Amino acid sequence: MALEEYKEKRDFTSTPEPAGEVKDSGLNRFVVQEHHASRLHYDFRLEMDGVLKSWAVPKGPPEQPSVRRLAVQVEDHPVDYVDFAGVIPEGYGAGTVAIWDHGTYRLLARREDRLEFSLAGERLQGEYLLLHTDGKNWLLMKRGPKK
Ligand code: MN
């Protein structure tokens with residue numbers, strides 16, 4: 001199941017993206033990749049279940065509490081994608097990918113419709129929340145300081 005959609009969408013004879021496989025590194029990494037595709041977006045990825053759970057965030061992850069950002073879930077990516085930066089040639093996802101932030105996270109709560117985690121990145125720090133709304137749509141937000 002896990003990486004079938006990822007592999008189906010790509011031709012690894014032409015894309016520099018990693019073919020990869022499901023593997024548990026136990027490192028709990030996250031990455032945000034700035035992706036200049038047909039439309040600029042930021043790919044937010046959490047290492048989980050041996051893959052990178054992935055969301056495309058058109059406006060990028062919020063750095064301030066109380067800002068809600070649409071995060072559209074996309075196909076799981078291989079954990080090797082966590083280091084990927086480069087140019088994807090014509091075809092699926094064509095455009096330049098740069099690492100916008102990376103680090104590790106700590107899972108605080110996980111339900112089918114809700115993920116809570118604490119990020120330790122270079123840009124993103126603190127508690128975040130992903131809330132499922134409908135279909136592939138989620139909301140990504142940053143938690144304010146506890147009162
Ligand atoms: Mn993308």
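Throughout, read-outs are computed from the coordinates displayed, never taken from laboratory work. None of the values given here were measured: they were computed from a predicted structure. All Cβ positions, even for glycine, are placed from backbone atoms using ideal geometry, and neighbour counts span all protein chains on display.
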### Task
Find the relative contact order for the chain and round it to a whole percent, using C-alpha pairs within less than 8 Å whose residues are 6+ positions apart.
23 percent
### Message
Tell me the volume per residue, in Å³, of the convex hull enclosing the alpha carbons of segment 88-147.
### Response
120 Å³
### Query
Per residue and in cubic angstrom, what volume does the convex hull of the Cα atoms of segment 1-113 have?
110 Å³
### Message
At a 10 angstrom cut-off on C-beta neighbours, averaged per residue, how do the peptides 81-90, 43-52 rank from highest to lowest?
### Response
43-52, 81-90
### Message
What distance in nm lies between label points placed 7 Å from Cα along the C-beta direction at Ala85 and Leu139?
### Response
3.3 nm
### Task
Assign unit charges at the C-beta atoms only (+1 for Lys and Arg, -1 for Asp and Glu), then state the dipole size of the chain relative to its Cα centre in Debye, rounded to the nearest 20.
900 debye
### Message
Counting only helical runs of four or more DSSP H residues, what would the 222 nm mean residue ellipticity of the chain come to if each run contributes -39,500 (n - 2.57) and the total is spread over all its residues?
### Response
-500 deg cm²/dmol
### Query
Leaving out same-chain residues fewer than 8 places away, which aspartates and glutamates sit with a Cα under 13 Å from that of Lys59?
Glu34, Asp43
### Positive-pole candidate from His35, Ser66, Thr15, dipole of segment 7-75, charges at beta carbon
Ser66
### Query
Between Lys23 and Ile99, what length in nm is gained on full extension when 0.36 nm per residue of separation is reduced by their alpha carbon distance?
25.2 nm
### Estimated FRET transfer efficiency when R0 is 25 angstrom, pair Ala109-Lys7 (beta carbons, to 0.05)
0.20
